[in-house]
Amino acid sequence: MKCNMSVLQNARLLLGVTGGVAAYKAVDLASKLTQLGALVDVILTEKASEFVTPLTFNAVTQRPVWRDLWEPAGAAAANHIELGHAARMIAIVPATANTIAKLAHGFADDMLTTTALASTAPLLVAPAMESNMYAHPATVANIETLRRRGAFILEPEIGRLASGMVGPGRLPETSALLGAIRYILGLNGVFAGKKFIITAGGTQEPIDPVRFISNRSSGRQGFALAEAARDRGAAVTLITAPVELATPYGIERIDVQTAAEMANAVLTASAGADVIIMSAAVADFTPIAPAENKIKKTAGRQNGELVLQLRSTDDILSKLQEHAEDFPQLKRIGFAAETTDPLGYGIDKLKRKGLDMIVINDITLPGSGFGSPTNKVWIAKASGEVTEYERMPKENVAVIIMEEIENILEHTPDEV
Ligand code: CTP
């Protein structure tokens with residue numbers, strides 16, 4: 001088995017931290033990046049080091065930290081060239097209005113802006129400032145200049161700011177920053193130019209305006225798959241039933257509620273797609289006639305029973321198989337969450353739905369299936385090959401699935 005690698009493993013990154021109160025959040029980012037295997041070189045502006053010390057970053061990254069006027073005489077010029085060349089990308093988190101203005105106009109009057117100017121690496125800028133500064137035409141124009149020049153801008157969030165005002169200007173959470181960095185690092189990955197459709201969550205089938213039938217799917221596995229595919233350069237459309245998860249950076253999200261809505265969205269999005277991963281838990285049955293108004297406690301009751309009439313939903317994977325000529329290059333990957341005989345039922349589904357691959361799990365095992373952060377899976381392929389994997393975080397299951405898909409795509413001739 002190939003090593004379970006994150007796109008951040010051994011990636012050398014340059015993190016520029018400028019002088020805003022959100023600078024403290026850059027410590028968490030540097031720490032998470034390091035934990036995920038990245039080699040993080042930090043440059044602090046002088047103002048940033050009034051908010052957080054170089055020592056803090058040194059402690060979390062275990063690497064030298066650079067700051068204006070800090071290096072021994074003569075070392076700075078060599079350092080900024082080397083740091084800028086070695087970095088696979090530069091992330092400026094948080095980026096103040098002042099640094100954004102300097103970057104837009106090519107100023108190079110401190111270690112960070114000089115290094116950025118001397119580097120051809122992709123640039124991510126995460127502005128964080130007071131709302132009026134962010135909305136000022138000068139800042140808007142400077143951000144636009146950077147964007148036009150190819151920089152990636154992570155928009156600030158709306159929230160409470162240091163000034164006490166509420167408005168746009170807050171630095172996004174670490175998970176969003178990580179997502180943007182992973183997206184940029186993956187742009188030329190193995191799936192560059194490939195289109196992936198990934199479904200997630202448990203569909204909701206309405207009984208009346210306040211009630212529905214659903215299942216325990218949290219959507220975590222599907223979202224982890226979407227991120228893992230994006231990390232390898234795929235253009236990802238994530239079709240999701242209602243879940244409590246934020247949209248990962250660089251992923252197109254389509255929200256649906258019912259199995260029928262999911263089927264429509266999948267069939268539309270699959271035109272021209274290379275891979276579909278159906279990790280959603282799609283309802284097999286839906287109420288025949290959802291009530292227009294809330295069903296009252298006393299209505300329709302006979303001997304204390306209320307009978308709901310259900311009909312079967314369409315099987316989305318089977319529909320894709322039926323219309324296979326409309327999706328010539330589409331590889332179809334299914335999931336099977338089972339409570340008994342997982343391999344027997346899983347392999348049966350692989351064959352019945354004509355899949356290229358199925359990911360099978362036994363949801364009765366501890367640390368596996370719905371709601372759990374981990375999963376233990378078997379992967380069965382159309383070739384007959386079956387591989388059993390250890391229990392692992394759903395993010396790592398996603399990586400393994402990507403490696404298996406890479407294998408399937410590699411063994412598919414371009415012209416069928
Ligand atoms: N699936 C689908 N459309 C449905 C139901 C399921 O495409 N209407 C997909 C799921 O997303 C999953 C695979 O089919 O990838 C297997 O789903 P599962 O619920 O395990 O199997 P079913 O075919 O529904 O069979 P059973 O409920 O009898 O286990």
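The values are calculated or read from the model by the stated rules, or taken from the named source; none is laboratory data. A quick note: this is a predicted structure, and the numbers were derived from the prediction, not measured. Ideal geometry is used to build each Cβ from the backbone, glycine not excepted, and the neighbour counts take in all protein chains shown. With ligands, DNA and RNA removed, areas are computed over all heavy atoms of the protein, side chains included. Shrake-Rupley method; radii C 1.70, N 1.55, O 1.52, S 1.80 Å.
The share of C-alpha pairs in region 167-212 whose separation exceeds 13 Å stands at 75 percent. Placing unit charges on the Cβ atoms of the charged side chains and taking the dipole of region 195-410 about its Cα centre, the candidate lying farthest along the positive direction among 382, 242, 309 is 309. If you look at the Cα atoms of region 36-146, you get an Rg and a Dmax of 14.1, 40 Å. Summing charges over all other residues whose Cβ lies under 14 Å from the Cβ of residue 267, with Lys and Arg as +1 and Asp and Glu as -1, gives -4. Accessible surface for region 12-185, divided over its residues, is 44 Å² per residue with a 1.4 Å probe. The packing ranking of peptides 211-223, 286-298, highest mean first, is 211-223, 286-298, where packing means the average number of other beta carbon atoms within 10 angstrom of each residue. Can you compute the FRET efficiency between residue 211 and residue 314 using 1/(1 + (r/R0)^6), with r the Cβ-Cβ distance and R0 = 22 Å? Round to the nearest 0.05. Calculated value: 0.45.
Basic side chains Lys and Arg get +1 at the Cβ, acidic Asp and Glu get -1 at the Cβ, and with that the dipole of the chain about its Cα centre reaches some 620 debye. Phi-derived couplings, Karplus 6.51 cos²θ - 1.76 cosθ + 1.60 at θ = phi - 60°, listed residue by residue for region 317-331: 5, 5, 4, 5, 5, 4, 9, 4, 5, 7, 10, x, 9, 6, 8 Hz, with x used for Gly and Pro.
When its C-alpha radius of gyration is set against 2.2 N^0.38 Å (N residues), region 195-410 gives a value of 1.05.
If a spin label sat at a point 7 angstrom from the Cα of residue 173 along the line to its beta carbon, the backbone N atoms of region 355-373 nearer than 19 Å would be those of 371-373.
Take the residue pairs 331/376; 102/394; 296/376; 195/353 and return only those whose Cα atoms are more than 31 Å apart. Where the Cα-Cα span goes over 31 Å, the pairs concerned are 102/394; 296/376. Principal semi-axes of the equivalent ellipsoid, √(5λ) from the alpha carbon gyration tensor of the chain, are 45, 26, 19 Å from largest down. Bridge orientation summary for the chain: considering DSSP beta bridges with both residues in this region, about 30 percent are antiparallel. Kirkwood's formula applied to the C-alpha pairs of region 206-303 gives a hydrodynamic radius of 15.4 angstrom. In terms of its C-alpha gyration tensor, region 285-366 comes out oblate, because a/c is 1.5 or above while a/b does not outweigh b/c.
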